[in-house]
Amino acid sequence: MNIQQRIWVGFTLFALITTSTGVNAKDKIRTCADLKTKTILKKARPFKATIEKYAHKHDLNADFVLAIAAVETCFNSRAVSPVGAKGLMQLMPATAKRFGVRQRSNARQNVSGGTKYLKFLMKRYKHNMRFAAAAYNAGEGRVDRYKGVPPYRETRRYVKDVLRVYNKLKSHRKSLGKKTQARRVSGKVSKKRLSIRKANAHLKMYKNIKLNKPISTLSERQTFLIASRLLLQ
């Protein structure tokens with residue numbers, strides 16, 4: 001091979017690599033496990049309602065499903081892995097067929113199939129999130145073989161990241177719940193204080209009423225008129 005042929009082959013290989021990288025750049029698999037909670041939720045926003053809907057439908061913890069999607073693709077619905085997994089929660093063709101997904105690139109169908117698979121795994125492993133996450137990554141056959149998380153670096157890192165994101169989202173949801181509860185308590189206290197002020201005002205008005213006769217000598221009609229006057233004031 002002469003120098004001109006070598007140069008031509010080099011340019012051809014460079015063009016192929018550049019084209020391949022350019023096509024898949026926007027669909028590159030990324031994990032958001034290291035991101036802050038607010039950033040994760042911002043990326044999840046377009047799909048959060050769909051994920052929560054199917055999580056509720058299949059009796060799954062929504063934060064757990066969000067964590068799976070965060071680690072799988074960082075909420076990239078067009079992601080394609082080197083082994084052929086597609087979509088938000090990275091469904092393989094066999095898994096998609098198994099759980100009734102016709103279009104893996106369709107975010108709604110993808111999440112539906114992914115949550116069905118997670119429901120199956122959670123039931124299989126008695127709601128053990130670590131085992132379910134490991135099986136989602138490496139397959140239930142390997143989890144069964146090792147009776148737990150397989151000794152693969154990728155799978156162990158995957159499980160660790162999923163649980164890390166899950167705990168971030170769980171803590172965030174708890175903090176929101178505490179703030180909401182604090183606002184409700186504050187509202188109740190304000191209403192109670194208002195009621196006390198009204199009661200004190202009525203008591204003051206009652207004390208300011210001058211009667212010509214002792215209360216014990218008033219007729220029912222006179223008592224009724226006084227009570228009405230108090231309410232109107």
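Within segment 81-107, the set of residues being surrounded by fewer than 23 Cβ atoms within 10 Å (Cβ to Cβ), among the hydrophobic types (A, V, I, L, M, F, W, C) and at pLDDT 95 or above comprises Ala85, Met92, Ala94, Ala96, Phe99, Ala107. Note on segment 32-84: residues that are within 14 Å of the chain's Cα centre (by Cα), within 11 Å of Val165 (Cβ to Cβ) and of a type in the set (Asp, Glu) total 1. When segment 145-164 is filtered for residues that are closer than 13 Å to Met129 by Cβ and assigned to a helix (DSSP H, G or I), the ones remaining, listed by number, are Tyr158, Val159, Lys160, Asp161, Val162, Leu163, Arg164.
The values are calculated or read from the model by the stated rules, or taken from the named source; none is laboratory data. Treat the numbers as computed from the prediction; the structure is a model and nothing was measured. Heads up, the Cβs are rebuilt from the backbone with ideal geometry, glycines too, and the neighbour counts pull from every protein chain shown.
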